[in-house]
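Asker: One structure, as structure tokens, below. Some questions next.
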Amino acid sequence: MTRTIFGTDGVRGRANSYPMTAEMALRLGAAAGRYFRKDRSGKNRVVIGKDTRRSGYMLENALTAGLTSTGMNVLLLGPVPTPAVGFLTRSMRADLGIMISASHNPHEDNGIKFFGPEGFKLSDEAEAEIEAILGGVIELSQPENIGRAKRIDDGLWRYAEYAKTTFPAGRRLDGLKVVVDCANGAAYRVAPEVLWELGAEVIPLGVSPNGLNINDKCGSTHTDAAAAAVVAHGADLGICLDGDADRVMILDETGRVADGDQIMALFAERWAEEGRLRDGTLVATVMSNLGLERHLGARGLRLERTAVGDRYVVEAMRRGGWNLGGEQSGHIVMTDYCTTGDGLLAGLQFLAAMVETGQRASTLAQRFERVPQMLQNVRYAAGADPMGAAPVKAAIAAAEDRLSGSGRLLIRKSGTEPLIRVMAECEDEALLAEVVGGVAEAVSRAAG
């Protein structure tokens with residue numbers, strides 16, 4: 001079975017356009033309900049969370065209708081981070097968890113992510129089976145077996161209390177000043193509250209969502225405002241989350257950004273020293289910098305690479321029994337604590353390192369020298385297949401020959417947007433620019 005509407009992170013698109021329409025959400029809810037329904041006893045349970053996008057109301061109601069039509073009882077969490085849905089799916093013994101979010105994308109987009117009963121995102125195979133049900137006649141419940149729906153008011157605070165337990169026992173954040181940028185997204189209430197309750201002086205940004213300003217010049221993909229706030233307030237640290245709070249960028253006291261690779265390097269070093277990095281292995285994607293791999297290797301640690309997407313990182317971690325992984329983009333997955341990327345928990349682990357070592361963020365946040373890396377995104381028209389064009393294949397082959405032995409080239413389609421991502425790494429920055437520019441130009445000509 002194949003997947004057509006599922007991408008690297010659930011179903012995603014422009015709100016009110018296929019596949020992000022109310023009609024499709026209703027059918028998708030019904031198909032997922034049919035797939036996860038264990039029996040007809042009325043004990044089937046699903047939790048639904050969302051971020052702060054205006055279109056979340058429409059999709060939440062449509063999903064609820066589809067799920068209840070197939071006998072699922074729906075528990076509505078309201079705006080909560082994506083990792084909270086993973087946590088609460090397992091904690092509340094639900095059969096299914098759903099997050100309505102397009103992560104770091106602008107408000108015009110939205111998405112639907114599914115979590116299985118253990119709180120982990122679904123496999124490709126499970127998504128393909130749901131698509132197969134979606135493409136047929138969906139069996140609905142008899143009137144007496146239609147599900148119910150109700151709102152759960154304390155789900156966010158259950159997650160908040162759990163988040164605090166991941167911070168070292170007996171430690172506090174007294175004396176630390178922390179800027180936290182919540183991207184006007186799902187963590188706008190919980191992140192500042194957790195940091196304050198642990199003792200930090202908190203300067204909150206991006207905590208006034210209006211349904212349209214999520215990720216708008218704020219959050220993990222737009223760190224300038226947070227960097228300025230860190231400097232202006234003399235803060236010790238900046239924590240920048242994205243719209244659904246499953247990824248993070250860390251800012252040191254000068255406003256300098258540490259991406260996911262630097263954060264993972266720090267955690268891997270510390271966990272290895274403490275004897276809790278399983279098998280001495282960190283899991284990251286093909287996008288992680290070559291400098292990270294060299295840094296780990298010099299310390300006797302290993303980098304296991306996967307396809308792009310935190311879901312694939314987690315799948316590899318579960319197969320290998322490893323407990324730390326993530327993405328350069330800021331998804332940090334710590335399966336000792338969470339089932340998916342969790343920006344708030346990663347921020348707490350970084351703060352724990354500051355408290356326990358007494359070192360400043362600038363010392364902790366830059367673990368290795370990055371190999372020069374360049375990424376260009378090329379947008380393509382609907383229906384176009386630039387990767388299949390002969391001139392593109394020739395340009396890629398020529399680029400690989402030029403980089404042989406001195407760097408690496410990665411070309412891939414985005415799983416969330418109509419983009420071809422052209423990325424390369426090389427010590428020779430002039431060669432790097434030529435190679436990426438040449439491939440990107442060939443892709444652009446073939447993009448339609």
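The values are calculated or read from the model by the stated rules, or taken from the named source; none is laboratory data. From a predicted model like this one, the values you see are computed outputs, not experimental measurements. Counting neighbours? That spans all protein chains shown, and the Cβs are built from the backbone with ideal geometry, glycine included. These accessible areas exclude ligands, DNA and RNA; they are computed on the full protein's heavy atoms, side chains included. Shrake-Rupley method; radii C 1.70, N 1.55, O 1.52, S 1.80 Å.
Asker: Given the criteria of a type outside the set (Asp, Glu), surrounded by fewer than 24 Cβ atoms within 10 Å (Cβ to Cβ) and under 19 Å from Gly325 (Cα atoms), does Arg171 qualify?
Answerer: No.
Asker: Next question, about the same structure. Go through region 302-348 and tell me which strands (runs of 3 or more DSSP E), entirely inside it, have 1 or more residues that are touching a residue at least 60 places away in the same chain (Cβ under 8 Å).
Answerer: It comes to 324-326, 332-334.
Asker: For region 8-28, which positions are touching a Phe, Trp or Tyr at 6+ places or on another chain (Cβ under 7 Å) and touching a residue at least 40 places away in the same chain (Cβ under 8 Å)?
Answerer: Correct list: Gly10 only.
Asker: Report whether or not Arg370 is more than 17 Å from the chain's Cα centre (by Cα), at pLDDT below 95 and farther than 17 Å from Thr166 by Cα.
Answerer: yes
Asker: Looking at region 232-253, is at least one residue surrounded by fewer than 20 Cβ atoms within 10 Å (Cβ to Cβ), within 22 Å of the chain's Cα centre (by Cα) and assigned to a loop (DSSP other than H, G, I, E, B)?
Answerer: For region 232-253, residues surrounded by fewer than 20 Cβ atoms within 10 Å (Cβ to Cβ), within 22 Å of the chain's Cα centre (by Cα) and assigned to a loop (DSSP other than H, G, I, E, B): absent.
Asker: Mind checking which residues of region 285-294 are touching a Lys or Arg at 6+ places or on another chain (Cβ under 6 Å) and either buried (at least 22 other Cβ atoms within 10 Å of the Cβ) or assigned to a loop (DSSP other than H, G, I, E, B) (or both)?
Answerer: Those that are touching a Lys or Arg at 6+ places or on another chain (Cβ under 6 Å) and either buried (at least 22 other Cβ atoms within 10 Å of the Cβ) or assigned to a loop (DSSP other than H, G, I, E, B) (or both): Val286, Asn289.
Asker: Something else about it: State the number of residues belonging to region 332-358 that are open to solvent by 10 Å² or more (accessible area, probe 1.4 Å) and either within 26 Å of Leu290 (Cβ to Cβ) or hydroxyl-bearing (Ser, Thr, Tyr) (or both).
Answerer: Looking only at that region, the number is 4.
Asker: Could you tell me which numbered condition Ala229 fails, if it satisfies all but one of (1) in a strand (DSSP E or B); (2) more than 29 Å from Gly49 (Cα to Cα); (3) not basic (Lys, Arg)?
Answerer: (1)
Asker: Go through (1) touching a His at 6+ places or on another chain (Cβ under 7 Å); (2) under 27 Å from Val314 (Cα atoms) one by one and return the number of the condition Phe167 breaks.
Answerer: If we test Phe167 against (1) touching a His at 6+ places or on another chain (Cβ under 7 Å); (2) under 27 Å from Val314 (Cα atoms), just (1) comes out false.
Asker: Would you say Gly71 is open to solvent by less than 10 Å² (accessible area, probe 1.4 Å), within 20 Å of Leu134 (Cα to Cα) and part of a loop (DSSP other than H, G, I, E, B)?
Answerer: yes
Asker: Being among the small types (Gly, Ala, Ser) and over 18 Å from Glu161 (Cβ atoms) is the filter; apply it to region 112-134 and report the residue that is most open to solvent (accessible area, probe 1.4 Å).
Answerer: Ala132
Asker: Here's another thing I want to ask about it. Looking at region 135-168 only, could you name the residues that are in a helix (DSSP H, G or I) and open to solvent by less than 20 Å² (accessible area, probe 1.4 Å)?
Answerer: Once the filter is applied, which keeps residues that are in a helix (DSSP H, G or I) and open to solvent by less than 20 Å² (accessible area, probe 1.4 Å), region 135-168 yields Gly155, Leu156, Tyr159, Ala160, Ala163.
Asker: Follow-up question, since we're still on this one. Restricting region 81-111 to residues that are over 15 Å from the mean Cα position of the chain (by Cα) and open to solvent by less than 10 Å² (accessible area, probe 1.4 Å), which is farthest from Gly147 (Cα to Cα)?
Answerer: Top of the filtered list is Leu88.
Asker: Shifting gears a bit: Out of all the residues in region 372-380, is one or more open to solvent by less than 20 Å² (accessible area, probe 1.4 Å) and not in a helix (DSSP H, G or I)?
Answerer: yes
Asker: State whether one or more residues within region 432-448 are assigned to a loop (DSSP other than H, G, I, E, B), on the phi < 0 side of the Ramachandran plot and surrounded by fewer than 17 Cβ atoms within 10 Å (Cβ to Cβ).
Answerer: The answer is no, given that none of the residues of region 432-448 is assigned to a loop (DSSP other than H, G, I, E, B), on the phi < 0 side of the Ramachandran plot and surrounded by fewer than 17 Cβ atoms within 10 Å (Cβ to Cβ).
Asker: Next question, about the same structure. Can you tell me which residue in region 422-431 is nearest to Gln328 (Cα to Cα), limited to those that are open to solvent by less than 10 Å² (accessible area, probe 1.4 Å) and of a type outside the set (A, V, I, L, M)?
Answerer: Here the residue is Glu425.
Asker: Tally the residues that are over 16 Å from Gly10 (Cβ atoms) and in a helix (DSSP H, G or I), restricting the search to region 49-68.
Answerer: Residues that pass the stated criteria total 6.
Asker: Quick one: would you say Ile100 is β-branched (Val, Ile, Thr) and without any contact (Cβ under 8 Å) to a residue 60 or more places away in the chain?
Answerer: Here the answer is yes, as Ile100 does meet what is asked.
Asker: Okay, moving on. Of the residues Arg172, Arg93, which single one is in a loop (DSSP other than H, G, I, E, B), farther than 24 Å from Ala352 by Cα and of a type in the set (Lys, Arg)?
Answerer: Only one candidate passes the filter, namely Arg93.
Matching residues to (1) surrounded by fewer than 19 Cβ atoms within 10 Å (Cβ to Cβ); (2) in a helix (DSSP H, G or I); (3) touching a strand residue (DSSP E or B) at 6+ places or on another chain (Cβ under 8 Å):
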{"position": "Lys217", "(1), (2), (3)": "yes, no, no"}
{"position": "Asp261", "(1), (2), (3)": "no, yes, yes"}
{"position": "Met264", "(1), (2), (3)": "no, yes, yes"}
{"position": "Leu282", "(1), (2), (3)": "no, no, yes"}
